[in-house]
Number of protein chains: 2
Amino acid sequence: MAINYEWYKVFYWAAKTGSLSQAAKALYLTQPSVSHAIKQLEEGFGVALFYRTSKGVELTQEGAVLYEYIEQSQILLSLAEEKMAALKNLDSGELRIGGSDSLFKHYVLPYLEQFHERHPGVKLHLNHGTTPEVITFLKEGRIDLGVVRMPIVDQQLQVTESFQLQDCFVAGARYAELKGGVMSLDKLLQYPIILFSRNSRARMTITELFQGYGYSIKPEIEVGSVDLLIEFARRGLGISYVTREFVSKELEEGSLFEVRLDVSLPPSRVGILTMRNMPLSSAARAFIQLVR
Amino acid sequence: MAINYEWYKVFYWAAKTGSLSQAAKALYLTQPSVSHAIKQLEEGFGVALFYRTSKGVELTQEGAVLYEYIEQSQILLSLAEEKMAALKNLDSGELRIGGSDSLFKHYVLPYLEQFHERHPGVKLHLNHGTTPEVITFLKEGRIDLGVVRMPIVDQQLQVTESFQLQDCFVAGARYAELKGGVMSLDKLLQYPIILFSRNSRARMTITELFQGYGYSIKPEIEVGSVDLLIEFARRGLGISYVTREFVSKELEEGSLFEVRLDVSLPPSRVGILTMRNMPLSSAARAFIQLVR
DNA sequence: TAATCGCCATAGATACAGTCTATATCTCCT
DNA sequence: AGGAGATATAGACTGTATCTATGGCGATTA
């Protein structure tokens, strides 16, 4: 006869309380139901598990042996259930996000702070990488979500567009004469341009824009981080193409100013990437909820 | 939603094999059944446990956490089932017997040897004590069965009568003139008598017998072990009242001979005591079977 | 000694849920 | 494009876990 694991729960409580009636109460069952379950177990093993006395039940030798195992097993199961509840409530668990350092710093960080404050039990993992790397991480299951620039076209990915960013050209005091004015593209090209390195989305966007107008933009300087882009512009090494939101502090304090153009630069959006048709962890779901 | 522990078994196999179909095979179920069980679990926890892919399933973060616990739990359960099978087959377990040393030595031992040979995995515990002590042990659950002299009258006890023993008077070379003769009770009383100590059943039996004939038997010597009863008789200190089966060796070799009486001494039986209405351990049941 | 209370066991009815079969959908591979 | 193999879904069925009602047994109390 096959043994139903549900019976073990009944056995556990019967042994623990020393009474079928008590066990029934603890499990919100009736006493005959418990009695029946125990009987099934005993038939299953072909061994008596309890002595029935007038004041309850008592484990037999064999029952006591079984109890040793079942007790441990039941403890594990209740720990498991606690843990799962904790994961669901976000008292526990982890949130793994992929993205670029600049987006982390300027965009994700405030949300992360808020998230961490609200759910201090959830461990945070940040994996930085380029957009294609982030997509790979996602597909390999190494992160729960990615934060990257739009547009992304990938059948396997679910994209949640989010914050809008506006790239622009900025310069420092060295080019103060340009402040307030509006430039044409060909005029701009006469100044030294500082761009982010070749394989970034922003770089591709601006290159295509100039090509669309028949020009070719070639940077004087190429850098690999947004911080350098800003620093070089401040020091007057050229005009940087940078996300306006990332230099809001410098624009405010006046150490940089925007160089406006007579054409409109396309805004870009930040998107949250997740795997399409794959369930999100509670933590990831809560984080996306928070961002929206 | 309440969680059915049976689902954990399904979860375990699904996670272990990485496939609902495989799990179904292992559990002799159909794939939809497994699919359903997993779904129940997921709804119960409010959390996805698996990613479904075209080549099977894979644990989610939360599923992996659950698996840590469930795996341990399932291992314990399978160990439990193994252990119970071992107990039933008598590859394991213990047999606790209560009784007097003399009965152990002369009567139980050969059966125990046989039992041990047949079931070497079963541990043997012998608890010696007087008949009332043995009964107490039994009622306290400290032994599985008792081996004592009959008759026993106790509503709570189940008595299986077994071997028959015959008590008799024996003497050694010092009283060689009595060999072959038949004595009357009053004649016997003129010789020094050696009896087992006051609180034994044999002692009570013989005292009552003499009283029934209007005599009073008073021992010259009282001893506390059967071995001494034999030894004293051999050395000619008197005539011992002893169980014939316990001195079969001495009677054969001639170091003792039986002093026959003109009245018949009642035979006594050895009985196996167990608790009435209480289940026997497999080991105890097997032992009683062996003795019968 | 009778009565009562608190256990567990048993019997029989019922309803739910775990299973099954059949089918749909999706992905991957040829 | 089509087939193989995976999971999901729908709907019917059956088995069994559960309930109510009752009985028996033993201990405790009056």
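For this structure, a couple of remarks:
- Whichever lysines have a C-alpha closer than 17 Å to that of B:Lys83, once near sequence neighbours (fewer than 8 apart) are set aside: B:Lys123
- Where A meets B: accessible area buried, both sides, 1.4 Å probe, Å²: 3800 Å²
- Per-residue Karplus couplings for segment B:36-47, computed as 6.51 cos²θ - 1.76 cosθ + 1.60 with θ equal to phi - 60°, are listed in order as 5, 4, 4, 4, 4, 4, 4, 5, x, 8, x, 8 Hz, Gly and Pro entered as x.
- The H on the amide N of A:Cys168, modeled in the peptide plane, is under 5 Å from the matching H of A:Val242, A:Thr243, A:Arg244, each at least 5 residues off or on a different chain.
- Backbone phi angles across segment A:108-115, fed through the Karplus curve with coefficients 6.51, -1.76 and 1.60 (θ = phi - 60°), yield HN-Hα couplings of 7, 3, x, 5, 4, 4, 4, 4 Hz in residue order; Gly and Pro are listed as x.
- Toward the positive end of the charge dipole of chain A, with +1 on the Cβ of Lys and Arg and -1 on the Cβ of Asp and Glu, the farthest Cα among A:Val159, A:Ser240, A:Gly44 is that of A:Val159.
- Comparing A:Ile97, A:Ile239, A:Ile221 in a Gaussian network model of chain A, where Cα atoms under 10 Å apart are tied by springs, the biggest mean-square fluctuation is seen for A:Ile221.
- Global geometry of chain B, whether rounded, prolate or oblate, following the gyration tensor of its Cα atoms and the 1.5 cut on a/c: prolate
- Rounded to the nearest 20 debye, the dipole size of segment A:156-292 about its Cα centre is 380 debye, using +1 on the Cβ of Lys and Arg and -1 on the Cβ of Asp and Glu.
- Segment A:143-180 and segment B:203-240: distance between their alpha carbon centers, rounded to Å: 111 Å
- Set A:Lys179/A:Lys249; A:Lys88/A:Lys139; A:Lys9/B:Lys9; B:Lys187/B:Lys218 screened for pairs whose C-alpha atoms are more than 19 Å apart: A:Lys88/A:Lys139
- Pseudo-label separations to other copies for B:Leu124 - Cα-to-Cβ vector, 7 Å, nm: 7.0
- R0 of 56 Å, Cβ-Cβ distance A:Thr17-B:Arg260: FRET efficiency to nearest 0.05: 0.35
- The residues neighbouring A:Leu228, those whose beta-carbon lies less than 13 Å from its own, together hold a net charge of -2 under the Lys/Arg +1, Asp/Glu -1 convention.
- Considering only A:Gln22, A:Val170, A:Val134, and ranking their Cα positions along the charge dipole of chain A that arises from unit charges at the beta-carbon of Lys, Arg, Asp and Glu, the one farthest toward the positive end is A:Val170.
- Cross-link partners of B:Lys55 among aspartates and glutamates (Cα-Cα below 16 Å; sequence separation of 8 or more within a chain): A:Glu140
- If both residues of a DSSP beta bridge must be in segment A:143-272, then about 70% of such bridges are antiparallel.
- Volume per residue that the Cα convex hull of the protein assembly as shown spans, once the total is divided by residue count, Å³: 218 Å³
- With a Förster radius of 41 Å applied to the beta-carbon distance between A:Glu222 and B:Thr30, the computed FRET efficiency rounds to 0.10.
- Less than 5 angstrom separates the built amide H of A:Ile272 from those of A:Thr160, A:Glu161, A:Ser162, all sequence-distant by 5 or more or on a different chain.
- Sparsely packed loop sites in segment A:5-69 (the chymotrypsin sites (Phe, Trp or Tyr not before Pro) outside DSSP H, G, I, E and B with at most 10 other Cβ atoms within 10 Å) comprise A:Tyr28.
- Entry note, chain B: relative contact order of 20 percent, from Cα contacts under 8 Å with a spacing of 6+ residues.
- Distance between the 7 Å Cα→Cβ label points at B:Ser248 and A:Asp154: 8.9 nm.
- 1.4 Å probe, heavy atoms, protein only - residues of segment B:1-18 losing at least 10 Å² accessible area vs chain alone: B:Ile3, B:Asn4, B:Tyr5, B:Glu6, B:Tyr8, B:Lys9
- Couplings 3J(HN,Hα) for segment B:266-279, derived from phi with the Karplus relation 6.51 cos²θ - 1.76 cosθ + 1.60 (θ = phi - 60°), are x, x, 10, 10, 8, x, 9, 9, 9, 6, 6, 6, 10, x Hz, where x marks Gly and Pro.
- For segment A:193-250, the list of chymotrypsin sites (Phe, Trp or Tyr not before Pro) that fall in a loop by DSSP and count at most 16 other C-beta atoms within 10 angstrom reads A:Tyr213, A:Tyr215.
- Across the accessible surface of segment A:233-292, with the other protein chains kept in place and a 1.4 Å probe, carbon and sulfur atoms take up 43 percent.
- In the assembly of identical copies, A:Asp101 has its label point, taken 7 Å from Cα in the direction of the beta carbon, separated from the corresponding points by 8.6 nm (ascending, one decimal).
- Relative to the Cα centre, the charge distribution of the protein assembly as shown, modelled as +1 at Lys and Arg Cβ and -1 at Asp and Glu Cβ, gives a dipole magnitude of about 540 debye.
- Shielding score for A:34-47, defined as the mean number of other chain Cβ atoms within 10 Å: 2
- Each other copy places its own label point for B:Glu113 at 8.7 nm from this one, sorted shortest first, where the point lies 7 Å along the Cα-to-beta carbon line.
- Average accessible surface for segment B:1-112: 46 Å² per residue, computed with a 1.4 Å probe over protein heavy atoms with every protein chain in place.
- Most simply put, chain B has about 60% antiparallel DSSP beta bridges, counting only bridges with both residues inside it.
- Using the Cβ-Cβ distance between B:Glu81 and B:Leu126 with R0 set to 30 Å, the FRET efficiency works out to roughly 0.45.
- Spatial separation of Cα centroids for segment A:53-111 and segment B:28-62, in angstrom: 18 Å
- Charge dipole (debye, nearest 20) of chain A; +1 at Cβ of Lys and Arg, -1 at Cβ of Asp and Glu: 300 debye
- Amide H within-cut-off set for B:Thr130, under 5 Å, with H built and near neighbours excluded: none
The values are calculated or read from the model by the stated rules, or taken from the named source; none is laboratory data. Remember, predicted model here, so these are calculated numbers, not experimental data. Positions of Cβ are generated from backbone atoms using ideal geometry, with glycine treated the same way; all protein chains shown enter the neighbour counts. Accessible surface areas use protein heavy atoms only, side chains included; no ligands, DNA or RNA. Shrake-Rupley method; radii C 1.70, N 1.55, O 1.52, S 1.80 Å.
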